[in-house]
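Below: one structure, written as structure tokens.
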Amino acid sequence: ETGVTQSPTHLIKTRGQQVTLRCSSQSGHNTVSWYQQALGQGPQFIFQYYREEENGRGNFPPRFSGLQFPNYSSELNVNALELDDSALYLCASSLGGGLAGFQETQYFGPGTRLLVL
Amino acid sequence: RKEVEQDPGPFNVPEGATVAFNCTYSNSASQSFFWYRQDCRKEPKLLMSVYSSGNEDGRFTAQLNRASQYISLLIRDSKLSDSATYLCVVNIPGNQFYFGTGTSLTVIP
């Protein structure tokens, strides 16, 4: 096991609602990355948090936002949910904040399955 | 153009076979590379990092070709337990990680 936990495991929401997903990073890790994985696709990078600051963002609209706390756990918030937001949301824990040249390994949590109706 | 392109397969091979997967990336400034394995309805798990000099871990060998911008994974002596989806991952400047769509492997008895 990676020591990365996520909650909840499953969630059902309706269009227009807001959702908050949570992630606890592996002990000693200061970096959390969030991904969206639709069925049959690879994970898509949403953003990364390093020492409580956003440290890289993929091609997702502003209604996807996040936080990282002093203990390095993290939240992903999605506002105004759309049907296409239905997916597996993965967080990954790492150490280093993606410093240039640093071969950073990410350890994934089990994910939260979100269904938007 | 996608940052990372990967043949989705599926690859169906008999036990004991050797199978190779390739992955191409578009950003020449990409700085780190990985192969992950994902079992059905599970999270991705790191299989191995990929270095310019190539690296080997038991039956698995990973190669990076920066000039041609591709990475490869070779699995020798395939086992039933190797059946999974294999994902290549590239880290580009600006600290963004891009995954391929994954290549599905089924090892047949």
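The values are calculated or read from the model by the stated rules, or taken from the named source; none is laboratory data. If you're wondering where the values come from, they're calculated on a predicted model, not measured in any experiment. Ideal geometry is used to build each Cβ from the backbone, glycine not excepted, and the neighbour counts take in all protein chains shown.
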Is one or more of the residues making up the range A:81-95 more than 8 Å from chain B (Cβ to nearest Cβ), within 22 Å of B:Ser32 (Cα to Cα) and modelled with pLDDT under 90? yes
In the range A:15-35, what count of residues is obtained for those that are out of contact with any Leu (no Cβ under 6 Å at 6 or more places or on another chain) and within 11 Å of another protein chain (Cβ to nearest Cβ)? 2
Could you list, in sequence order, all residues of the range B:59-100 that are closer than 28 Å to A:Asn55 by Cβ, surrounded by fewer than 20 Cβ atoms within 10 Å (Cβ to Cβ) and of a type in the set (Ser, Thr, Tyr)? B:Tyr70
Within the range A:41-54, count every residue that is surrounded by fewer than 22 Cβ atoms within 10 Å (Cβ to Cβ) and either under 14 Å from the mean Cα position of the chain (by Cα) or more than 8 Å from chain B (Cβ to nearest Cβ) (or both). 7
Condition check: in a strand (DSSP E or B), within 14 Å of another protein chain (Cβ to nearest Cβ) and within 27 Å of A:Arg15 (Cβ to Cβ). Does A:Leu67 satisfy that? no
Can you pull out every residue in the range B:80-109 that is assigned to a loop (DSSP other than H, G, I, E, B) and within 14 Å of chain A (Cβ to nearest Cβ)? B:Pro93, B:Gly94, B:Asn95, B:Gly100, B:Thr101, B:Gly102
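Rundown of residues vs (1) of a type in the set (S, T, N, Q); (2) within 12 Å of chain A (Cβ to nearest Cβ); (3) not in a strand (DSSP E or B), yes/no style:
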site	(1), (2), (3)
B:Lys2	no, yes, yes
B:Asn22	yes, no, no
B:Asn27	yes, no, yes
B:Trp35	no, yes, no
B:Glu56	no, no, no
B:Leu73	no, no, no
B:Ser78	yes, no, yes
